[in-house]
Amino acid sequence: MPYYVTTPIYYVNAEPHLGHAYTTIAADVLARHMRQRGEEVFFLTGTDEHGEPVAQAAERQGLEPRDLADKNAQRFRDLTEILNATNDFFIRTSDPEHEAEVQRVLQQVYDNGYVYEGTYEGWYCPRCADFKTDAELVDGNKCPIHLIELEREKEDNYFFKLSAFQEQLEQLYADRPDFVGPGVRYNEALSFIKGGLNDVSLTRARLRWGVTVPWDESQVFYVWFDALLNYYTALSYAREGEDLTDRFWPASVHLIGKDILKFHTVFWPAILMAAGIEVPRRVYVHGYLLMGEHKMSKSLGNVIDPFRIIELYGVDALRYYLLREVGFGQDGSVSPEGFETRYDTELANEYGNLVSRTANMIGRYCGGVVPEADTSSPLAADFDSARERLCAQIDAVELSAALDTIWQLVRRLNQYLQDEQPWKLVKDEAQAGRVPAILYAVAEGLRVVSLLLHPFMPDKTATVLAALGQDSFGLDAARFGAVGGGAEVGEIAPLFPRIESPTPA
Ligand code: MSP
């Protein structure tokens, strides 16, 4: 079945930070892994450009919203590229094709009788582009996420009859226990629904920066409905002259952060039902990257710049660190110290050293060629069961668990070398004959583990695989013993060289 994975589309009201990089990296790991399995994959990311957050940020900077959007959309595109993300399309909600498709779908919702005129009054956070209930406010009338004072807003606009989908949504959750993952987020979404759904505002009367409502051109659509629809509209124009909707819809998985759970697990399926479109297969919710105890966010001013880390350490180290340090699905703290520790102890010492030791020994003891040997190594069973486990973990979007499965193989290989000590055996005439089989096993293990690791660290693993004579990345080849000896092992420069940590500015 084709595999369609998405990231949230990022607000262009500010520059990208590490939190945005996190979701894109995770989605790229899924996309790359599924391609390794031979699946047909579509991977979408992009930018969310309409609404108050952008209009207000533009005003603060003395820019037109479109100019701010152009500038920051380019930064997000640059981020996507520097992260080595293999997205098939980059959507911008200011694309005219997207706008036309939003109008078409929401007109359908209107025609189906799920829209009515009303008056809205409530606490509105312009940064969230969302109304808050009294229970959600903190410190009097502040937004719980952005900690800014909110104002009460009142306006006439159109409402979406979310309440009409109470039963259908409960049924969806009953039928599909994996609609939302991890389980704790499924429960959160379901209890929100069971708490009783109120209708929501679908349009904004005061704002100009948005998609015009086709049945009342004095209004624009509320940015969240315009934004959510990106996942669907992109397929209609991502590839020139071709409509990919039938092939890839419904999406396999929408990856999101927990801050935008309600929109994706309640509003989104409901608006699709109202338009008569199939709902996605799954929404998977990850946690926050924290700095100390606080969510990393532009408004709290505690952000790490991903461009800078990549410039210093390379993109693979960052991809690895984020998925290793923070259990995917949970919150977790990140820090420059934590990053450096994992860089030195795991990347340089465990994987990097394994690679250079293996290449050196094959150079010195085997004339630089992976020896031909019996493939029935004691390592084979561990590697083959790990591959199965990894695929199941990726299917369940358990990315950190998947990475741990792989890392145990890296450690298994180091342990094997430590136990066998081929550098000692070569000096002992009675034992030296065992060395080729040992080095074959390590080289073969390294080949398999590098294939499994490829979606997480595409550049470094490609270097290792090329040195081992493996130039394709399909998972079919990731079986221990699938390749015999004979590869000429080239020189491999240190994969993770020591980096002097920068002096704080
Ligand atoms: N534009 C909306 C999403 C619309 S999707 C139809 C939005 N944009 S955002 O730029 O504010 O955030 C997008 C996503 O960035 C979050 O859901 C989350 O995936 C990611 N993150 C932003 N800060 C983050 C952390 N500190 N930690 C982890 N992820 C974070 O919301």
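Structural remarks
- Near pairs, Cβ below 6 angstrom, 6+ apart or cross-chain, from the stretch 391-408 (not aliphatic (A, V, I, L, M)) to any residue that is not in a helix (DSSP H, G or I): Ser400/Gly327; Ser400/Phe328
- Flag if Trp268 is over 18 Å from the mean Cα position of the chain (by Cα), crowded, with 18+ Cβ neighbours inside 10 Å and within 12 Å of the ligand (Cβ to nearest atom): yes
- Of all residues in the stretch 167-223, those that are among the basic types (Lys, Arg) and within 16 Å of the ligand (Cβ to nearest atom) total 2.
- Pair list, Cβ < 8 Å and 6+ apart or interchain, from the stretch 79-100 residues that are assigned to a loop (DSSP other than H, G, I, E, B) to residues that are open to solvent by 50 Å² or more (accessible area, probe 1.4 Å) and among the basic types (Lys, Arg): Thr86/Arg35; Ser94/Arg66
- Selection within the stretch 370-398 - surrounded by 15 or more Cβ atoms within 10 Å (Cβ to Cβ), touching a helix residue (DSSP H, G or I) at 6+ places or on another chain (Cβ under 8 Å) and over 20 Å from Leu30 (Cα atoms): Val370, Pro371, Ala373, Thr375, Ser377, Leu379, Asp382, Phe383
- Among the numbered conditions (1) out of contact with any Asp or Glu (no Cβ under 7 Å at 6 or more places or on another chain); (2) more than 23 Å from Tyr110 (Cα to Cα); (3) among the hydroxyl-bearing types (Ser, Thr, Tyr), the only one that Tyr237 does not meet is (1).
- The stretch 3-42, residues that are away from the ligand (no atom under 15 Å from the Cβ), touching an Asp or Glu at 6+ places or on another chain (Cβ under 7 Å) and open to solvent by less than 10 Å² (accessible area, probe 1.4 Å): Phe42
- In the condition set (1) near the ligand (Cβ under 9 Å from one of its atoms); (2) part of a helix (DSSP H, G or I); (3) open to solvent by 10 Å² or more (accessible area, probe 1.4 Å), Ser299 is compliant with all but (1).
- Tallying residues that are modelled with pLDDT of 90 or more and not in a helix (DSSP H, G or I) within the stretch 153-173 yields 5.
- Scanning the stretch 410-426 for residues that are touching a helix residue (DSSP H, G or I) at 6+ places or on another chain (Cβ under 8 Å) and open to solvent by 10 Å² or more (accessible area, probe 1.4 Å) yields Arg411, Arg412, Asn414, Tyr416, Glu420, Trp423, Leu425, Val426.
- Residues in the stretch 240-259 that are near the ligand (Cβ under 9 Å from one of its atoms) and either touching a helix residue (DSSP H, G or I) at 6+ places or on another chain (Cβ under 9 Å) or on the phi > 0 side of the Ramachandran plot (or both): His254, Leu255, Ile256, Gly257, Lys258.
- Of the helices (runs of 4 or more DSSP H) that lie entirely inside the stretch 421-505, those containing 1 or more residues that are of a type in the set (Gly, Ala, Ser) span 435-453, 458-467.
- Verdict on Arg319 being at pLDDT below 95 and in a helix (DSSP H, G or I): no
- Screening Glu278, Glu325 for residues that are free of Cβ contacts under 8 Å to residues at least 40 places away in the same chain, of a type in the set (Asp, Glu), closer than 30 Å to Ser201 by Cβ and more than 11 Å from the ligand (Cβ to nearest atom) leaves exactly one candidate, Glu278.
- Test: Arg66 is within 29 Å of Ala317 (Cα to Cα), of a type in the set (D, E, K, R) and part of a helix (DSSP H, G or I): no
- Boolean, Leu190 is closer than 30 Å to Ala396 by Cβ and either surrounded by fewer than 23 Cβ atoms within 10 Å (Cβ to Cβ) or not assigned by TED's automatic domain parsing to the domain that holds Gly51 (or both): yes
- Being outside any loop (DSSP other than H, G, I, E, B) and either open to solvent by less than 10 Å² (accessible area, probe 1.4 Å) or farther than 27 Å from Asp78 by Cα (or both) is a property that does not hold for Ala251.
The values are calculated or read from the model by the stated rules, or taken from the named source; none is laboratory data. These numbers were taken from a predicted model, which means no experiment stands behind them. For neighbour counting, all protein chains shown are included, and Cβ atoms are generated from backbone atoms with ideal geometry for every residue, glycine included. Just so you know, the surface numbers come from the protein's heavy atoms only, side chains and all, with ligands and any DNA or RNA stripped out. Shrake-Rupley method; radii C 1.70, N 1.55, O 1.52, S 1.80 Å.
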